[in-house]
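Note sheet for the following structure.
The values are calculated or read from the model by the stated rules, or taken from the named source; none is laboratory data. Computed from a predicted model, the values in this text were never measured in an experiment. Cβ atoms come from the backbone with ideal geometry, glycine included; neighbour counts cover every protein chain shown. For the accessible areas, the whole protein counts, side chains as well, though only heavy atoms, and no ligand, DNA or RNA atoms are used. Shrake-Rupley method; radii C 1.70, N 1.55, O 1.52, S 1.80 Å.
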Amino acid sequence: MRVAGPPRRAAGEGMSPPGPGPEDGGGPCLRSVNTRELSEVVFNNRSPRSVLPVWVDFEGRPRSYPVLQPRTGRIMHSYRGHLWLFRDAGTNDGLLVNQQELFVAAPNVNTADITLPVFTLKERCLQVVRSLVKPMDYRKLDIVRSLYEELEDHPDIRKDLQRLSLERSETLRNGILE
């Protein structure tokens, strides 16, 4: 997913250091910091889609919260250093929060505006085909062979968390080397 927007947060701001992944015990893992510093945040769904808020727990596992209907909001009692992602409840596509993929709760941040990212034409086409065609029928479509694999590669929050963890680790490593 390609998105133009403001620069990302400074590496490591309000996040636990990467640790072993929750499932594989291997690669880095983003996880919430276990603090007691309350951070009351209003999650504003500014999109036309139903949104699934997902808290990344202290072990790096995604924990779903009740769905936010389109154009609604909810006051959430979170804590400094807690990580949140937001997904389309119907398709599991990643959404943006304050123009970023990941929200880090902080006492000085009291709103989380959830919006649609700018999808590439290819990404949007894959979304539409997935919504209209059953997975078992993808390979019956008269399309380029490489698109079969891409159709079958559905959005996955665990893959997104792994990618974000690797990006953060690389940013930290590059920051140390510079």
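Structure above, values below:
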{"quantity": "Counted residues, region 33-49 - those being among the polar types (S, T, N, Q) and closer than 13 Å to Leu96 by Cα", "calculated": "3"}
{"quantity": "Leu52 vs. criteria assigned to a strand (DSSP E or B), over 19 Å from Val33 (Cβ atoms) and either open to solvent by less than 20 Å² (accessible area, probe 1.4 Å) or of a type outside the set (Ser, Thr, Tyr) (or both)", "calculated": "yes"}
{"quantity": "Matching residues in region 55-65 - criterion: being under 19 Å from Asn110 (Cα atoms) and surrounded by fewer than 18 Cβ atoms within 10 Å (Cβ to Cβ)", "calculated": "Tyr65"}
{"quantity": "Identity of the residue in region 25-36, among the small types (Gly, Ala, Ser) and exposed (fewer than 12 other Cβ atoms within 10 Å of the Cβ), that ends up modelled with the lowest pLDDT", "calculated": "Gly25"}
{"quantity": "Evaluation of Ser39 against (1) open to solvent by less than 30 Å² (accessible area, probe 1.4 Å); (2) under 19 Å from Glu167 (Cα atoms); (3) in contact with a Lys or Arg (Cβ under 7 Å, 6 or more places away or on another chain); (4) at pLDDT below 95 (one fails), failing number", "calculated": "(2)"}
{"quantity": "Evaluation of Leu116 against (1) open to solvent by 60 Å² or more (accessible area, probe 1.4 Å); (2) within 19 Å of Arg31 (Cα to Cα); (3) touching a residue at least 60 places away in the same chain (Cβ under 8 Å) (one fails), failing number", "calculated": "(2)"}
